Amino acid sequence: MFPGLNLIRGIITAVTWICGTILNLSVVAVFLRDWKNKINLAVGDQIILTIGWTNLLSQSFCALDFICVTYGFYILLPKEFSLGVFVVIIFLNCLLFWLIASLSICYCLKLVNLSHEIWSDMKRRILNAIPLLLLGSGIISFAISLPFVWKTEIKDDKNTTDHLNDYLFIFNKPFSCINITFGCGLPSVITSCCIGLSIKSLLKHIWRMKKNISQFWSPQTKNHLTACRTMFLLLVINLFLFFVYTLNILIFSYSPDPLNETVLWSLIMLNPSGQAIVLILGNSKLANMWSKIWLTLLGLGHTSAF
């Protein structure tokens, strides 16, 4: 094994877990405070709250898996425990893809305006059905992740000196492709379509405002641009995770390498932090909260300096 790899893995695990937990816990705390104060959460805020909880769970399970692999704890536990942890991680990752797609649908419906009455009625119906869409996202993610329990072959790893587990997971390729298609690919396509429609609506709005320079950067335009940016950045993060996720399942499960595993899992563990940062910058409530925190910290630092 690469010298000092265990120390590097431990540092990566600690830093990513702490950062991801703080960022996503702050997202959850803001909306839970509103709920406690009996403030009705908008549909988009409900989805962001669900994403925050999902990221917290994903970060925790990824950290647990990384620690067990790094320090060989899986050797002391039944093989099924390791498989169960990995299936939960797969489920949470698929759920995140569908939650981002749901958030994109919500933003798209709010941004795209058509004069036809059918569109207004359809938009109202879809927005009202967002809670059912979230439930459906969970059901779909669970349905395409659970079969990994009996579709995964567990083999002994003869090269135990280089790999910290004494066994390997050999994933069923046809089923893995189905999982990747419906758990990652389809929601990414939906998100891309929503981004395309939203950008088209934004360009039309800018074209109308072009004649009136004073209203060119109106709050409506800024909100429109922020929503498009948020959807695009979340899609980029998800597509990057999709690439890493595919490599991990279809390629490196057959030829595990400690250095490759470290790089892949580090990227996966950075995902919750990246999503939280994008959501904070794209939501006024969250952005204001972090602005107050930074102002407070800077004020304390300034006071202590004197």
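Among the trypsin sites (Lys or Arg not before Pro) found in region 33-133, those both in a DSSP coil and sparsely packed, with 16 or fewer other Cβ atoms within 10 Å of their Cβ, are K38. Going down the list K36/K292; K222/K285; K123/K200; K222/K292; K36/K285; K200/K292, which pairs span over 24 Å between their C-alpha atoms? Among K36/K292; K222/K285; K123/K200; K222/K292; K36/K285; K200/K292, the Cα-Cα distance tops 24 Å for K200/K292. Rounded, prolate or oblate, given the Cα gyration tensor of region 1-140, with a/c below 1.5 counting as rounded? Taking the square roots of the gyration eigenvalues as a ≥ b ≥ c, region 1-140 is prolate. Computed over region 1-73, the quotient of the alpha carbon radius of gyration and 2.2 N^0.38 Å is 1.46.
Values quoted throughout were computed directly from the atomic coordinates according to the rules given, and no laboratory measurement underlies them. Keep in mind that this is a model prediction, so the values were computed, not measured. Positions of Cβ are backbone-derived with ideal geometry, glycine not excepted, and every protein chain shown enters the neighbour counts.
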